Amino acid sequence: MADLTQHFRFMSTALFVGYKALLNNETPVSCIVTKDDQILSIGYNYTNISLNGTKHAEFIALERLDRGINYSELTLYVTVEPCIMCASYLRQLGIGRVFYGCGNDRFGGTGTILSIHKDENLPNAIYPSIGGICRTEAIQLLRNFYIQENDSAPVPKVKKNKNIEEKEFPPNTTNLSKSEFTDIYGDSRWEEFNNGSEITPIVGHGYFIEDFVNLNELKQVPYSEKELGSIDTDQLESFSSLFYEITADGQVNYEQSVDKYKKRRTK
């Protein structure tokens, strides 16, 4: 039985980086890079502020690393499946493996739209890209961004259907074969997954996102406070309040009330 707790800790950290980017009016897609269970770098979408469409989280996180690093020894945790551009970039670098939260149903480059990560007709190393860790949290964080008004638009559009606390999540899917899935997640999760269950850290045990985030540990994450501002208990509580509990049988607890992100007006 696979214990995925460490994977959930890392993905929760990536989600918090995305939340900090949201506080800075950026799209909350974010990632961390690890080696031997140590966080080396973070990345977050920086396209809105930079007005540069290539400033995706994966590029920012990996460009920070020292030249000569062995990318095959690295694991990338990213909240949303890498787009086609980023999937190709990761392949050219020879990344070791990727874990992502939710699929990218418009531009997904590791299985949802194209499978850049394992196309044998393309040069360079094939890498595993594994989805489903904190899937609902990744979707909910994006939903909190997309209900915001764009104050920079010449004629801001009034957002409709802002009741994201009343929306259920789309069915879970995977880009993995059965053997690939069970190698990572364990045999016992396969049947539950196909019956609509979310992936949990330990089979038979639910979770809440606050189980995996710790103020002191977040403050030690490289580049986080320096670039995205100080981290405090109020932010951690506000972050945790955006997400549903996942029950012991892998179901979303829709009876639980969740908050919505309230955008701060900035100059």
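A few remarks follow.
- Table column - 3J(HN,Hα) (Hz), the stretch 242-252, Karplus curve with 6.51, -1.76, 1.60, x for Gly and Pro: 7, 10, 7, 6, 9, 6, 4, 9, x, 9, 6
- Spin-label pair L215-E191: with each label point 7 Å from Cα along the Cα-Cβ axis, the two points sit 4.4 nm from one another.
- Per residue, the average separation of C-alpha pairs within less than 8 Å and at least 6 apart gives the chain a relative contact order of 18 percent.
- Cβ-placed point charges (K, R +1; D, E -1), dipole of the chain about Cα centre in debye, nearest 20: 1280
- Positive dipole terminus of the chain, leading residue within Y223, C134, T5 (C-beta point charges): Y223
- Within the accessible area of the chain (1.4 Å probe), percent carbon and sulfur: 46
- Measuring between their Cα centroids, the stretch 34-80 and the stretch 180-239 lie 19 Å from each other.
- Listed by chain and number, the aspartates and glutamates whose C-alpha is less than 15 Å from the C-alpha of K167, apart from same-chain residues fewer than 8 away, are E137, E245, E255, D259.
- Remark: the T173-Y254 segment gains 27.2 nm on full extension, using 0.36 nm per residue and subtracting the alpha carbon distance.
- Along the axis of the charge dipole computed for the chain (Cβ charges of +1 for Lys and Arg, -1 for Asp and Glu, origin at the Cα centre), the listed residues M85, S241, Y71 are led at the positive end by M85.
The values are calculated or read from the model by the stated rules, or taken from the named source; none is laboratory data. A quick note: this is a predicted structure, and the numbers were derived from the prediction, not measured. Positions of Cβ are generated from backbone atoms using ideal geometry, with glycine treated the same way; all protein chains shown enter the neighbour counts. All accessible areas refer to the heavy atoms of the entire protein, side chains included, with ligands and DNA or RNA removed. Shrake-Rupley method; radii C 1.70, N 1.55, O 1.52, S 1.80 Å.
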